[in-house]
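Student: This is the structure, below, for whatever I ask next.
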Amino acid sequence: MPLPAPSEQYSAQNEREARRLIEAELLALRSLIRNLDDVASASIANDGTLDIDTDRVAGCLLITSVSGKTALVGVSGTVHTTVVFAVAGTWSGTQGTAATINVYWNAGTSTYRLENKSGAAQVFFVTRFGTVTAK
């Protein structure tokens, strides 16, 4: 036995709910775009480093290399911790890890640091999502 066709009222309610959900997603996307900084790029030699952000930043860094290695790195501002989401064995949150690209807090320079231990020079693109606090 076939299911009965939905009533006009039921269809209108579903359409209103769908529109409300779409509008909420668009609002969230607009907010994300406003918090997206320009992409910075740099070439880093093997065993070289680059200071990429201070503790004024809390959020995420999307770091991509020309060779296709990509990581999403959570940085916690003044707590100075990093959480790296990437393919295992290619990225690390610890300084000096061999054969990887490392992102960590460097107390000597008071910055988050990108360290290339991949075995070859790399060009990186860094995009920041999140908040920057005034000092």
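Student: Hey, among T100, T78, T94, which residue is loosely packed, with under 15 Cβ neighbours inside 10 Å, touching a Lys or Arg at 6+ places or on another chain (Cβ under 9 Å) and of a type in the set (S, T, Y)?
Tutor: Values: T100 fails: loosely packed, with under 15 Cβ neighbours inside 10 Å; T94 fails: touching a Lys or Arg at 6+ places or on another chain (Cβ under 9 Å).
Going through T100, T78, T94 in turn, the sole match is T78.
A quick yes/no check of all residues on (1) over 13 Å from D51 (Cβ atoms); (2) in contact with an Asp or Glu (Cβ under 8 Å, 6 or more places away or on another chain); (3) not aliphatic (A, V, I, L, M):
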| site | (1), (2), (3) |
| --- | --- |
| T78 | yes, yes, yes |
| T82 | yes, no, yes |
| A86 | yes, no, no |
| T127 | yes, yes, yes |
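Student: On to the next question. Which condition breaks for I52 when tested against (1) surrounded by fewer than 16 Cβ atoms within 10 Å (Cβ to Cβ); (2) within 17 Å of A40 (Cβ to Cβ); (3) β-branched (V, I, T)?
Tutor: Here I52 clears every test but (1).
Student: Could you run through segment 29-56 and say how many residues are in contact with a Gly (Cβ under 7 Å, 6 or more places away or on another chain) and modelled with pLDDT of 75 or more?
Tutor: So the answer is 1.
Student: Six or more apart or on different chains, Cβ atoms under 8 Å: show the pairs whose first residue is in segment 40-59 and touching a residue at least 24 places away in the same chain (Cβ under 8 Å) and farther than 8 Å from L114 by Cβ and whose second is of a type in the set (A, V, I, L, M) and outside any strand (DSSP E or B).
Tutor: S43/A121; A45/A121; N46/A120; N46/A121; G48/A121; R56/A134
The values are calculated or read from the model by the stated rules, or taken from the named source; none is laboratory data. Just so it is clear, the model here is predicted, and its values are computed rather than measured. Please note: Cβ atoms are built from the backbone with ideal geometry, for glycine as well, and neighbour counts cover all protein chains shown.
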